[in-house]
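Peer 1: The structure under discussion is supplied below as structure tokens; questions concerning it will follow.
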Amino acid sequence: MKKNLIVKNINIFYTDHGTGPILLFLHGWGVEASSFNLLTEQFQDNRCMALSFPGFGGSECPQSPWGIFEYAQFVRDFLAKLRITPDAIVAHSFGGRVAIKGVGAGLLHPKKLVLIASAGVSQKSVRARIMGGIAKFAKIPIPFSFLREYLRRFAGSRDYRNAGAMRETFIKVINENLEKDAKKITVPTLLVWGEKDMETTLVEARTLHNCISKSLLEVISNAGHFVFQEQPNVVAGKIKRFL
């Protein structure tokens, strides 16, 4: 069931169905709560909640550019307003960034954590700095608009080009490496990765695995970045066994 809620003066949408131990799903950049539909259908014995972050899926945008910490605070406030504590957080890509920051900083307190193709520990600092420079450069009213677009395409990504009003937020998000936060995570953590993931690679999976002391890494063959949509039964099975 799709619902809406006002949190920190922002109207957001989320889905909530089922009964039992609570699983909170946090989506990736550029998608929304419904991206988890194929996966949540596999959990008939759980209450599954999926939040559309501010700026995604019809939820209102933040009034100023947010970083990962602000998103983690928002999830904390969302849960507090509903007076619930999830038994587990299941987070994909950008949602993984938020979960790592939230759990590592002590803002979120799930019993267990599942990170699916999580972003946040990529060694792309040079690329991130280039993108940050391009974002500032793009504000300068120069006549060479074709050059600006070329530089964006060279230094940036599809997510950046499609971010629209969320571009400043995107820059803040990708500029933060979360290895220190990941090392603070003490809850049991399952890492689920697609073998052919080209967005968040297996190198990043192994980095996270090394950072989180109580972590288990599961690599799924013939799957990419959206492994939970490509093979929902397989992913659900691994999560159920972990929980």
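Peer 1: Inspect all residues belonging to the range 54-65 and state whether any of them is touching an Asp or Glu at 6+ places or on another chain (Cβ under 6 Å) and under 26 Å from G224 (Cβ atoms).
Peer 2: Yes: the range 54-65 contains one or more residues that are touching an Asp or Glu at 6+ places or on another chain (Cβ under 6 Å) and under 26 Å from G224 (Cβ atoms).
Peer 1: Here is a follow-up. Which one of these does N210 not meet: (1) at pLDDT 90 or above; (2) outside any helix (DSSP H, G or I); (3) at negative phi; (4) not aromatic (F, W, Y)?
Peer 2: Among (1) at pLDDT 90 or above; (2) outside any helix (DSSP H, G or I); (3) at negative phi; (4) not aromatic (F, W, Y), the lone unmet condition for N210 is (2).
Peer 1: Let me ask something else. Say we look at the range 1-41 and pick out the residues that are free of Cβ contacts under 8 Å to residues at least 60 places away in the same chain and among the aliphatic types (A, V, I, L, M); which of these is nearest to F226 (Cα to Cα)?
Peer 2: This residue is V31.
Peer 1: Sticking with this one: For the range 217-243, name all the residues that are closer than 15 Å to A91 by Cα and among the aliphatic types (A, V, I, L, M).
Peer 2: Across the range 217-243, the qualifying residues are L217, V227, V235, A236, I239, L243.
Peer 1: How about the range 5-119: which helices (runs of 4 or more DSSP H) wholly inside it have at least 2 residues that are under 25 Å from E218 (Cβ atoms), assigned by TED's automatic domain parsing to the domain that holds V234 and of a type in the set (D, E, K, R)?
Peer 2: Those helices (runs of 4 or more DSSP H) span 94-104.
Peer 1: Which ones in the range 168-196 are of a type in the set (D, E), modelled with pLDDT of 95 or more and either over 17 Å from S215 (Cβ atoms) or not in a helix (DSSP H, G or I) (or both)?
Peer 2: E195
Peer 1: Additional query: Here's a check for you: in the range 217-235, which residue that is farther than 23 Å from G30 by Cβ and within 19 Å of the chain's Cα centre (by Cα) is surrounded by the fewest Cβ atoms within 10 Å (Cβ to Cβ)?
Peer 2: Going through the qualifying residues, I end up with V219.
Peer 1: Identify all residues within the range 65-124 that are without any contact (Cβ under 8 Å) to a residue 60 or more places away in the chain, within 17 Å of T186 (Cβ to Cβ) and aliphatic (A, V, I, L, M); write none if there are none.
Peer 2: A72, L107, L108 - these are the residues of the range 65-124 that are without any contact (Cβ under 8 Å) to a residue 60 or more places away in the chain, within 17 Å of T186 (Cβ to Cβ) and aliphatic (A, V, I, L, M).
Peer 1: For the range 12-64, how many residues meet the condition of being modelled with pLDDT under 95 and among the aromatic types (F, W, Y)?
Peer 2: 2
Residue by residue, here is whether (1) closer than 16 Å to V173 by Cα; (2) crowded, with 17+ Cβ neighbours inside 10 Å holds:
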{"site": "Y71", "(1), (2)": "yes, yes"}
{"site": "F74", "(1), (2)": "yes, yes"}
{"site": "A80", "(1), (2)": "no, no"}
{"site": "T85", "(1), (2)": "no, no"}
{"site": "I89", "(1), (2)": "no, yes"}
{"site": "H92", "(1), (2)": "yes, yes"}
{"site": "G96", "(1), (2)": "yes, yes"}
{"site": "L107", "(1), (2)": "no, yes"}
{"site": "P110", "(1), (2)": "no, yes"}
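The values are calculated or read from the model by the stated rules, or taken from the named source; none is laboratory data. Just so you know, these numbers come straight off a predicted model, no measurement behind them. Every residue, glycine among them, receives a Cβ derived from its backbone with ideal geometry; neighbour counts consider all protein chains shown.
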